[in-house]
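First up is the structure itself, then whatever we jot down about it.
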Amino acid sequence: PFFQKSEKSGTISKISRELKGIVFIIQSQSNSFHSKRAEDLKRDILKQAADLGKELPTVLLIHQMDGHEGAWTILPLMRDFSVTYGRNSSWIFFCEEDTRIQVVKLLETLGRFDGSKEWFLGKALYDEESTIIHHYAFAENPTVFKFPDFAAGWALSIPLVNKLAKKLKSEPLKSDFTIDLKHEIALYIWQRGEGPHLTPVPEFCTDDVNSYKVEHCATTFSNFLPLCGEPVKKEDVFVAVKTCRKFHGDRIPVVKQTWEKEAALIEYYSDYADISIPTIDLGIPNTDRGHCGKTFAILERFSNHSSPRTPWLVVVDDDTLISIFRLRKLLSCYDPNEPVFLGERYGYGLGTGGYSYITGGGGMVFSRIAVQKLLASKCRCYSMDAPDDMVLGMCFSGLGIPITHSPLFHQARPMDYPKGYLSHQIPVSFHKHWNIDPVKVYFTWLAPNTEESLNGKKVRYNREDL
């Protein structure tokens, strides 16, 4: 009947109007694999919106926002968001390139909250115990502080965006380290921005799109470990392990018991040649601080002495636990003809023109062309014991080569991350042997058979006790 039809079209135009009030921000990256995924998500959001009516929302990709090396840390963008969208929008909704969004459900969910008030919405994560990556915050009871799982998407109401923008104008961001953005943003909003705590929203989900649990979800998450065709060949990955004489006896045996057999090409670089391992003495004395001199020597050696047909170099510490098997799957998504510098991204001084870098402990992955471009430049260590990962970040930033972040690399141990965060990952690495049984951690979290299927069933190891 005519009456129902007009009522329906009225609802659609109302939805369309509400949709125009949402600004979608996709946490994108300029590497070709990632930018394509972000563009696909943008297209999907706009297609869903077009099916609902005429008024399309704004969808922005973070890597396209000019003038902000630190755009990925989001807070430096608040003033722009406030100026541009502060009058005509209701919500800014942030998501990852692998977040999947049911636009109508998202509107219904946001519609439950009064957009004229300050809201910070997301899927809540919390620390089970205080952790180094959060500077041991809330040590008395870390479970009290909730922060958003970015994979599920998270939202700020415009009044809160305006408030944060005002605060950032009067008190610019302190220039220091960005280590775990989701925790640091939640802390900033609550403390410095004098804004609200995170409100947990059950419709923001990280279950797989195909899970039976997702009927009520406005968002889902589609990617535990990317695979783009065949994994790269074992011989395409050269692994460099940084060690020193004092760790030959305790750390190297762990590598040999765990992941060494996954690597076809592996060398151990030390300050002492030990033929039983064997290690190669690069002629650079060990330092207690950074290892810049050693790492640049490794890059030179890779460039000059390894087969030019080997496209990938991985540099790890002797206490890094890594799955080369999974890394080969991940690398199938990257073009070795591009300068790629991949791992877990940290930031330094990004509020004031600093740089991003790949943190060393989780493993640093280079395409050969990235190594060649770096060595052809004049960028080098300002001292032999400078922090290698930070110097590399500075060098690549100066060369205009963006670093590429993957959340599957980890600078700390499994217990240093919220369980809910690790539950939607197939991790590639962890770091440190401190207070854990590293062999057990490897076989529980990283060994190839943890995701191989037995009779078509997924094998799930019990991670709870780690």
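Per the listing S332, S270, S307, the residue uniquely free of Cβ contacts under 8 Å to residues at least 24 places away in the same chain and open to solvent by less than 50 Å² (accessible area, probe 1.4 Å) is S307.
Residues considered: P159, P196, P226. Of these, the only one that is outside any helix (DSSP H, G or I), at pLDDT 95 or above and open to solvent by less than 70 Å² (accessible area, probe 1.4 Å) is P196.
Residues of the range 133-155 that are touching a Phe, Trp or Tyr at 6+ places or on another chain (Cβ under 9 Å) and farther than 27 Å from I25 by Cβ: F138, P142, T143, V144. With respect to the conditions (1) without any contact (Cβ under 8 Å) to a residue 12 or more places away in the chain; (2) in the same structural domain as F120 (by the TED database); (3) surrounded by fewer than 17 Cβ atoms within 10 Å (Cβ to Cβ), V214 lacks only one, and its number is (3). If the condition is being hydroxyl-bearing (S, T, Y) and under 22 Å from the mean Cα position of the chain (by Cα), then the range 165-204 contributes S175, T178, Y188. Of all the numbered requirements in (1) touching a His at 6+ places or on another chain (Cβ under 8 Å); (2) surrounded by 21 or more Cβ atoms within 10 Å (Cβ to Cβ), P142 misses one, and that requirement is (2).
The residues of the range 104-122 that are open to solvent by 30 Å² or more (accessible area, probe 1.4 Å) and in a helix (DSSP H, G or I), listed by number, are V104, K105, E108, G111. Please go through the range 409-429 and give me each residue that is surrounded by fewer than 22 Cβ atoms within 10 Å (Cβ to Cβ) and hydrophobic (A, V, I, L, M, F, W, C), ordered by number. Residues satisfying the conditions are A412, M415, L422, I426. In this entry, I101 passes the filter for residues that are hydrophobic (A, V, I, L, M, F, W, C) and either touching a Cys at 6+ places or on another chain (Cβ under 8 Å) or buried (at least 21 other Cβ atoms within 10 Å of the Cβ) (or both). Scanning the range 370-387 for residues that are within 16 Å of I401 (Cα to Cα), open to solvent by 70 Å² or more (accessible area, probe 1.4 Å), modelled with pLDDT of 95 or more and outside any helix (DSSP H, G or I) returns a single hit, R380.
The values are calculated or read from the model by the stated rules, or taken from the named source; none is laboratory data. Keep in mind that this is a model prediction, so the values were computed, not measured. No Cβ is skipped: glycine too gets one built from the backbone with ideal geometry, and neighbour counts run over all protein chains shown. The protein model used for the area step is the full one, side chains on, heavy atoms only, and it has no ligands, DNA or RNA in it. Shrake-Rupley method; radii C 1.70, N 1.55, O 1.52, S 1.80 Å.
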